[in-house]
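The values are calculated or read from the model by the stated rules, or taken from the named source; none is laboratory data. Fair warning: this is a prediction, and the values are worked out from it, not measured in the lab. When we count neighbours, we look across all protein chains shown, and the Cβ atoms used for this are built from the backbone with ideal geometry, even at glycine.
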Amino acid sequence: MPSLPVNRIKKKNIMSYNGELCIVLECLVRTPPNNASYVQMELRSIKTGAKIPVRCGIGVSFDVFDNSIKQLELSYEADGSYVFVDVNTNDEYYISASSSRTPGSS
């Protein structure tokens, strides 16, 4: 997970803030006259759904996670897990059956 300076963080990035995963809703660099620049962000906690306002200096860095979309195909099911394969790289991804339930099922 790369650590990016705050001025390179963009909308829709997923980052760690105070030990919590958050998605960036808004990220603006502000430069008031006669003052140092700062970044004003609005984050949404993935765990709780709460909005978090953040204001920090330009020199701060945050851990940003990869949130790219990959095309996967279901390969097989084994030991309560589904195994998906990336169609481009043949990398395998294991997802537990309990975490892949659809809403409304039990």
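I'd like the full set of residues that are touching a strand residue (DSSP E or B) at 6+ places or on another chain (Cβ under 9 Å) and without any contact (Cβ under 8 Å) to a residue 24 or more places away in the chain, limited to region 9-22. Give the steps one after another, and end with the answer.
Start the filter on region 9-22 by keeping residues that are touching a strand residue (DSSP E or B) at 6+ places or on another chain (Cβ under 9 Å), which leaves 9-18, 20-22.
Selection gives LYS10, LYS11, ASN18.
Looking at region 2-106, what strands (runs of 3 or more DSSP E) fall wholly within it and have at least 2 residues that are of a type in the set (S, T, N, Q) and surrounded by 10 or more Cβ atoms within 10 Å (Cβ to Cβ)? Lay out the reasoning, then the answer.
Numbers: elements: 3-5, 14-17, 20-30, 38-45, 51-57, 61-65, 72-78, 81-86, 92-96.
Filter on region 2-106 gives 38-45.
Mind telling me which of the residues GLU77, GLU73, GLU20 ends up being over 26 Å from PRO2 (Cβ atoms) and modelled with pLDDT of 90 or more? Lay out the reasoning, then the answer.
Values: GLU77 fails: modelled with pLDDT of 90 or more; GLU20 fails: over 26 Å from PRO2 (Cβ atoms).
So the residue among GLU77, GLU73, GLU20 that is over 26 Å from PRO2 (Cβ atoms) and modelled with pLDDT of 90 or more is GLU73.
Pairs only if they're at least six apart or on different chains, beta carbon under 8 angstrom, first in region 24-37 and at pLDDT below 90, second assigned to a loop (DSSP other than H, G, I, E, B); list them, first residue then second.
ALA36/ILE58
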